[in-house]
Structures are given as structure tokens and as C-alpha cells.
Amino acid sequence: MSCHEWTNRIDDFLDGRLEAAEAEGLQVHIAGCPSCADEVASIRELRDLAAALPRSLEPPRDLWPGIEARVSATKVVRGRFGSRAVLAAAAAVVIVSSVVTAYFIGRSQAVMVTVEPPSVVESGPSEVLLASFEGLGVNNYLDTRTELLDALDARKHELSGETMEVVMDNLLLIDQAMDRIAEALGEDPENDFLMKQLAGAYRRQIDLLQRAVRMPAEV
Amino acid sequence: MGTGISMDVETMATFPVSKPVPPRAAMRVTGKPESRENSVDRAAHGDVEAFEELYRENVSRVYLLCLRMCGDQSLAEELAQEAFIRAWQKLGSFRGDSAFSTWLHRVTVNVVLGDRRSTARREARIKPAGDDLPVDQSASEPFPGQALDLERSIAALPEGARKIFVLHDVEGYRHKEIARLIGVAEGTSKAQLHRARKLLRKALAS
Ligand SMILES: [Zn+2]
């Protein structure tokens with residue numbers, strides 16, 4: 001094996017990810033190769049320095065007041081609002097992100113979408129959707145979503161009705177997109193493109209909720 | 001970190017993880033076990049004072065983790081606050097099978113990885129109008145300890161490489177876990193670490 005090929009394995013070697021035989025081969029090589037030996041020594045030194053860095057530092061200002069203000073505001077509310085209604089669903093995923101982004105980045109230029117009012121779907125997300133999320137490694141989609149919805153619920157009095165409406169509308173659009181995708185995945189479960197679309201829709205949904213939860217108080 | 005699918009970021013804090021947090025990632029707990037358990041429990045039931053105790057015990061570790069990962073002092077302050085707020089919201093899902101500090105560490109990592117502001121903020125600061133002074137000339141040294149050159153070089157790394165370096169080489173996470181947290185392939189995590197180490201060695205040698 002050439003020097004170059006060994007160099008590519010040095011990270012793995014130092015991080016303990018080489019097979020025993022390969023590790024031994026590398027050790028034999030560095031015994032006779034000053035350049036690779038230097039490389040190993042230098043990375044090892046850096047790694048040891050990094051691992052020995054201090055682990056704590058007082059922040060330059062007390063961060064508690066800002067935390068307390070928000071924590072106290074969310075203290076009591078644990079209820080749900082419309083979490084079943086918004087589990088409803090059907091629409092285009094592509095427009096969603098641009099609408100959401102446009103809305104939050106520059107509210108003056110916000111593009112408002114007209115959507116039909118959420119139809120209450122009591123059955124919740126489909127089996128296919130949940131199974132697909134599992135395929136993506138997202139095992140607690142509903143929990144995460146519910147937690148964020150709760151956090152948003154806790155803030156609903158601080159946000160304007162208009163904002164809440166846009167958030168809920170967009171949430172619904174994403175839900176609808178997810179259902180569409182899940183429907184297609186039901187026909188073609190291995191479809192990579194669809195899985196990516198679903199992952200994207202999920203990410204946008206969480207992002208939307210997070211942004212809404214973090215928005216400065218308006219009311 | 002615009003590549004890949006990062007749908008895991010937000011959910012990781014409540015994920016049943018396949019293996020315990022790596023040893024170095026676990027923050028040491030300073031308070032007495034009983035009193036801490038008590039404050040976690042009380043905080044989970046809405047006791048803000050108890051949560052403040054948890055904050056005081058843990059803030060210095062949370063803050064430094066944020067600072068290293070994002071490389072920006074004021075953003076680190078915001079992210080540390082965000083981490084505690086997130087922890088407060090999620091306390092109900094903390095099951096007590098790991099130390100609170102370990103759980104909080106994970107929540108913090110998720111908050112930092114889920115934040116999109118780092119790059120924009122840094123770029124804004126790096127380009128003051130008509131001024132080619134290096135960044136932070138006027139600011140006080142944000143880092144503690146002896147290894148200032150290393151800290152500054154880490155802060156100057158490209159964002160993706162920096163986060164992965166901090167998680168892997170400082171915090172002791174494994175590539176598999178980093179890949180899952182960030183939503184990139186394991187190979188990407190390895191490549192970024194390689195790049196970070198290379199840039200750091202170069203910076204430290206000069
Ligand atoms: Zn060699």
C-alpha cells in the first residue's frame with residue numbers, strides 16, 4: 001500500500017476504527033515512514049489538546065433573567081389546542097417552504113396563502129406516514145410535534161391572531177403535503193425521492209413551529 | 001450545514017439513544033445527588049426556583065459548549081438561554097435514567113445544531129464596512145484556559161468542520177452519532193473532521 005493510502009487511514013487508526021490487521025499494517029508502515037509518523041504524532045497531539053480543553057466557563061453576563069422571563073410565561077399551560085385538527089391533511093410541499101420563509105423573514109413582503117379551513121380529521125396520521133418516518137429514523141414525530149404545539153399554545157396570547165393563523169395555515173399545508181407523500185409512498189415504499197420530500201416536509205414543519213415558538217411577543 | 005437531511009436534529013433529545021452519551025460528553029454534576037434529583041423533580045412540576053438551581057449548576061458548561069460550537073460570543077449567550085428554555089419545556093420527557101447534566105448536554109447540542117443563525121451572524125461580523133481588521137480586535141478574549149491558540153483556531157474553522165470537530169474531538173461523540181444528529185452521512189462527518197484537523201494543525205503550526 002502506498003503512503004497516500006495509509007495517510008487516508010490515519011484518522012480511522014487514531015480514532016480506533018481500523019481492523020486489527022490494518023492497524024498493525026499501519027504501525028509497521030509508520031515505523032519506516034517518517035512522514036506518516038509525523039502525521040500520526042501531530043494529529044494525536046491535536047486530539048489530546050482538544051480533549052483536555054476546559055469544559056466550563058461562566059458566561060460574560062447573567063443569562064438567567066432572560067430565561068426566567070420566558071420560563072415563567074410558559075409555566076402553567078399544558079393544554080392542547082387544535083392539535084387534532086391540525087393533524088388533518090392534502091397540498092403542495094414546494095410552495096410551503098417559500099411561503100413560510102417569506103412570511104418569517106420579511107413579514108412586510110409576506111405572501112399569504114389561501115387555504116381551506118382545516119377539516120378535522122380524527123383519525124390522525126396514517127400508518128404509512130408513521131412507518132415512513134420510522135424509515136427516516138424519526139420515531140417520535142408526534143411527540144416532538146405535540147411538544148412544539150404545546151410550546152406554541154403557551155405563547156398564543158403573546159402572538160397576534162394573524163400570526164397564529166399563518167402558522168396554523170402553513171402547518172396544515174405541510175400536513176397535507178405529508179399525507180400526499182405518504183399516499184405516494186404507500187404505492188412505492190422504496191422511493192428515495194419521496195422519502196427525501198417527506199424528510200424535507202418534516203424539517204420544515206419543525207422549523208416552522210420552532211420559529212413561531214421563538215418569535216418575539218407581539219401582543 | 002446545508003447538505004443532507006437533518007430531520008433528526010430536533011428529535012434527538014427525546015430519542016431513546018442506542019448507547020449512552022460518550023464519557024467525555026457527560027457533564028459532571030456538582031450538586032449533591034439528592035438535592036439535584038429534588039430540584040429536577042420540582043422543576044419538572046413547574047418550580048422556577050428549582051429550575052434556577054439547575055441553571056446555576058450547569059450554565060458554565062452549557063455556555064462553553066455553545067460558544068465552542070458556534071464560535072460567537074453573543075450568539076452563544078442566546079443559544080445557552082435557548083437550551084435552558086428548551087430543557088424547561090422538555091423536562092417532562094427527562095426520565096432520569098441519565099444524569100440531568102448529560103441530558104441537558106444533549107438538549108444543548110440539539111439547540112446549537114438546530115440553529116441557523118451561526119453562519120449569517122459570523123459573516124456579518126467578518127465584513128465590517130471598509131474595515132479589514134481581523135474580527136474581534138476590540139472584543140475581550142472570550143475563551144478560558146491555556147490553549148488560546150487552539151480555541152481561536154477552532155472558532156475560525158468553517159462552521160461544519162467546527163461543529164464536527166467540537167463534537168468529536170472535544171466532546172467525544174462518535175461519527176455515527178454525529179451523522180445522525182446533523183443529518184449527514186457518516187462519511188461526511190469523517191471528511192469534515194479530517195478537514196478540521198488539517199486546518200487546525202496548519203493554523204497551530206504557523
Ligand atoms: Zn507513509
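Only residues in the range A:61-74 that are within 7 Å of another protein chain (Cβ to nearest Cβ) count as the first member; pair them with residues that are assigned to a loop (DSSP other than H, G, I, E, B) and modelled with pLDDT under 95, Cβ under 7 angstrom, at least 6 apart or cross-chain, and list the lot.
Matching pairs, first to second residue: none at all.
Give the range A:1-40 a look and list any residue that's among the β-branched types (Val, Ile, Thr) and without any contact (Cβ under 8 Å) to a residue 24 or more places away in the chain, or say none.
Across the range A:1-40, the qualifying residue is only A:Val28.
Kindly establish whether A:Ala52 is more than 7 Å from every other protein chain (Cβ to nearest Cβ) and within 16 Å of the ligand (Cβ to nearest atom).
Spelling it out, it is not the case that A:Ala52 is more than 7 Å from every other protein chain (Cβ to nearest Cβ) and within 16 Å of the ligand (Cβ to nearest atom).
Every residue, every condition in (1) within 12 Å of chain A (Cβ to nearest Cβ); (2) free of Cβ contacts under 8 Å to residues at least 24 places away in the same chain; (3) assigned to a loop (DSSP other than H, G, I, E, B), yes or no:
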residue: B:Gly160; (1), (2), (3): no, no, no
residue: B:Lys163; (1), (2), (3): no, no, no
residue: B:His168; (1), (2), (3): yes, no, no
residue: B:Gly172; (1), (2), (3): yes, no, yes
residue: B:Lys176; (1), (2), (3): yes, yes, no
residue: B:Gly187; (1), (2), (3): yes, yes, no
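In the range B:83-115, what residues are at the interface with another protein chain (Cβ under 8 Å from one of its Cβ atoms) and among the charged types (D, E, K, R)? Reasoning before the result, please.
Within the range B:83-115, the subset at the interface with another protein chain (Cβ under 8 Å from one of its Cβ atoms) is B:84-85, B:88-90, B:93, B:114.
Listed by number, the list holds a single entry, B:Lys90.
Could you tell me whether any residue of the range A:4-20 is acidic (Asp, Glu), under 30 Å from B:Asp149 (Cα atoms) and modelled with pLDDT under 90? Working first, answer last.
At the first step, the residues of the range A:4-20 found to be acidic (Asp, Glu) are A:5, A:11-12, A:15, A:19.
Narrowing further to those that are under 30 Å from B:Asp149 (Cα atoms): A:11-12, A:15.
Of the ones still in play, those that are also modelled with pLDDT under 90 are A:15.
The answer is yes; a qualifying residue exists.
Could you list all residues from the range A:10-49 that are surrounded by 15 or more Cβ atoms within 10 Å (Cβ to Cβ), within 12 Å of the ligand (Cβ to nearest atom) and within 11 Å of chain B (Cβ to nearest Cβ)?
A:Ile10, A:Glu39 - these are the residues of the range A:10-49 that are surrounded by 15 or more Cβ atoms within 10 Å (Cβ to Cβ), within 12 Å of the ligand (Cβ to nearest atom) and within 11 Å of chain B (Cβ to nearest Cβ).
Could you tell me how many of the residues in the range B:173-190 are surrounded by fewer than 20 Cβ atoms within 10 Å (Cβ to Cβ) and either at pLDDT 95 or above or hydroxyl-bearing (Ser, Thr, Tyr) (or both)?
Count: 1.
Quick check on my filter: what residues within the range B:41-57 are within 9 Å of chain A (Cβ to nearest Cβ) and farther than 16 Å from A:Arg70 by Cβ?
Correct list: B:Arg56 only.
The values are calculated or read from the model by the stated rules, or taken from the named source; none is laboratory data. Since the model is a prediction, treat every value here as computed from it, not as a measurement. Methodologically, a virtual Cβ is constructed for each residue, glycine included, from the backbone with ideal geometry; neighbour enumeration extends over all protein chains shown.
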